[in-house]
Amino acid sequence: MSSHPDSRIADDPIDPDIRRFVEIVNAAYAEHATGAAMDHVARRAVAERVRERWRRGGPEMAETRDMSWHGLRLRLHRPTSDRPAPAMLYIHGGGWTLFSVDTHDRLMREYAARAGIVVIGIDYSLSPESKFPMALEEIAGALDWMEEEAESLGIDPDRILVGGDSAGANLAVSACLLRRDRHRARLAGMVLNYGAFAAEPTESYDAFDGPPFSLEVPEMDQFWSNYVDRPEDLANPLVAPLHAALHDLPPAFLAIAECDILAGCNHAMARKLAAAGVPTEAATYAGATHSFLEAMSISPLASRALDDQAAWIARVAADRDDRP
């Protein structure tokens with residue numbers, strides 16, 4: 001599945017609406033740059049301001065509420081009053097270092113409205129202050145909590161999915177690996193958006209590095225360094241799930257951005273999941289860059305990708321509902 005390449009301008013591989021999104025985001029970062037190196041707290045504050053425009057608008061929810069779990073903030077979006085409903089824990093990206101449930105608020109509401117599910121976002125502990133495996137254990141714990149508190153949350157414990165973008169997609173797969181090895185029930189599905197699944201460069205690093213493509217190689221390398229204590233940890237399959245044995249994981253939908261340095265590892269992950277017998281649907285969106293789903297307010301391509309995922313979520317949730 002892909003978008004139609006004829007929507008792009010000659011000699012520019014990026015979809016025009018996504019190009020506009022990237023340019024607006026880059027200009028906003030430049031506007032807030034101080035000219036001096038920023039610490040992580042300052043970088044996070046800038047990232048929140050830059051992303052504020054992209055969280056506005058979108059679907060209204062029947063219920064939105066913030067909750068606290070073990071000192072972490074969670075946000076629940078319920079599109080209708082239906083109970084119990086399928087649910088997804090959504091894990092924001094940002095290189096394990098940036099972003100929050102605020103930056104990804106509209107994206108979560110779009111999933112809730114389009115798929116008719118409850119979406120819960122989590123503000124997991126960020127690196128480099130909190131190194132692997134803290135965030136991963138928090139995600140795994142939050143999934144256990146959703147199952148255990150399903151009745152009070154108004155969700156169906158047999159129809160829980162996990163999703164995430166970039167570092168969030170990494171944490172989603174790794175949490176499912178932990179659950180499998182701890183003999184927890186298999187989730188209904190994984191929604192994986194342009195994930196960071198391994199630190200090794202691929203051919204897409206050379207093809208799509210630089211400011212025009214949203215995510216740059218030095219930035220990604222720094223994110224990996226922030227996440228782990230030692231370089232040798234990058235070989236750990238719970239850090240880099242592309243290196244894991246992927247059998248007995250939930251069905252997966254991978255949204256792959258064609259013009260992304262992470263495209264190569266996403267294609268490799270899709271192949272390896274399928275080879276391990278995991279029901280896998282991988283959609284490559286021509287002209288898309290890293291983070292392109294955040295542009296849904298101006299991009300038909302991003303909106304179409306969300307519709308593709310919503311339809312898939314409905315199918316896998318129905319499959320669980322039909323079990324004897």
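Quickly work out the Ser68-to-Asp39 label distance, labels modelled 7 Å from Cα along the C-beta direction, and quote it in nm with one decimal.
In this crude spin-label approximation the distance works out to 2.4 nm.
Could you calculate the FRET efficiency of Asp11 with Arg53 from 1/(1 + (r/R0)^6), where r is the beta carbon distance between them and R0 is 22 Å, rounded to 0.05? Before the final figure, lay out each step's value.
Details: r = 28 Å, r/R0 = 1.28.
E between Asp11 and Arg53, to the nearest 0.05, is 0.20.
Enter the mean projected area of the convex hull around the alpha-carbon atoms of region 101-248, in nm², rounded to one decimal.
Average of the hull's projected areas for region 101-248 equals 9.8 nm².
At 7 Å along the Cα-to-beta-carbon direction for both Ala268 and Arg304, put a label point, then send me their distance in nm to one decimal.
The two pseudo-label positions are separated by 2.9 nm.
Tell me, Kirkwood radius of region 181-303 from alpha-carbon pair distances, in Å?
Working: mean 1/r = 0.0653 Å⁻¹.
Averaging 1/r across every pair of different Cα atoms and inverting gives 15.3 Å.
Can you list the HN-Hα couplings for region 182-189, worked out from phi with the Karplus curve (6.51, -1.76, 1.60; θ = phi - 60°), rounded to whole Hz and with x for Gly and Pro?
Running phi through 6.51 cos²θ - 1.76 cosθ + 1.60 with θ = phi - 60° gives 9, 6, 7, 4, 5, 6, 6, x Hz.
Based on Cβ point charges of +1 for Lys and Arg and -1 for Asp and Glu, what charge dipole magnitude is obtained for region 10-118 about its Cα centre, in debye rounded to the nearest 20?
Once rounded to the nearest 20, the dipole reads 420 debye.
Put +1 on the Cβ of each Lys and Arg and -1 on the Cβ of each Asp and Glu in the chain; which of Val228, Phe197, Leu249 then has its Cα farthest toward the positive end of the dipole?
Leu249
Could you give me the percent of Cα pairs per 20 Å distance bin for the chain, shortest bin first, beginning at zero and ending with the bin that holds the maximum distance?
Percent of pairs per bin, in order: 35, 61, 5, 0.
Mind checking the dipole of the chain: about its Cα centre, +1 per Lys or Arg Cβ, -1 per Asp or Glu Cβ, Debye to the nearest 20?
Dipole about the Cα centre, nearest 20: 580 debye.
What helices does the chain have that are whole DSSP H segments, at least 20 Å long along their own axis by Cα, and with mean Kyte-Doolittle hydropathy of 0.5 or more?
Helices meeting the span and hydropathy rule in the chain are 167-181.
Efficiency by 1/(1 + (r/R0)^6): what FRET value for Glu60 and Asp221, r their Cβ-Cβ distance, R0 = 45 Å, to the nearest 0.05?
According to the calculation, E is roughly 0.65.
In whole angstrom, and with the biggest value first, how far do the Cα coordinates of region 192-240 range along each principal axis?
Rounded to whole Å, the extents work out to 30, 20, 18 Å.
Taking N as the number of residues in region 228-288, what is its alpha-carbon radius of gyration divided by 2.2 N^0.38 Å?
Working it through for region 228-288, the quotient is 1.22.
Once you have the Cα-Cα distance between Arg186 and Asp206, take 0.36 nm times their residue separation minus that, and quote the gain in nm to one decimal.
Working: separation 20, 0.36 × 20 = 7.20 nm, distance 3.68 nm.
That pair, Arg186 and Asp206, stretches by 3.5 nm at full extension.
When a/c reaches 1.5 or more, the comparison of a/b and b/c decides; with that in mind, is region 55-144 rounded, prolate or oblate per its Cα gyration tensor?
prolate
I need the semi-axes of the equivalent ellipsoid of region 271-324: take the C-alpha gyration tensor, multiply each eigenvalue by 5, square-root it, list largest first in whole angstrom.
Values: eigenvalues 133, 56, 9 Å².
Taking √(5λ) for each Cα gyration eigenvalue gives 26, 17, 7 Å.
Only the coordinates and a few stated rules stand behind these numbers; no lab work does. The shown structure was predicted, so the numbers you read here are calculated from the model rather than taken from an experiment. Quick reminder, even Gly has a Cβ in these numbers, built from the backbone with ideal geometry, and neighbours come from all protein chains shown.
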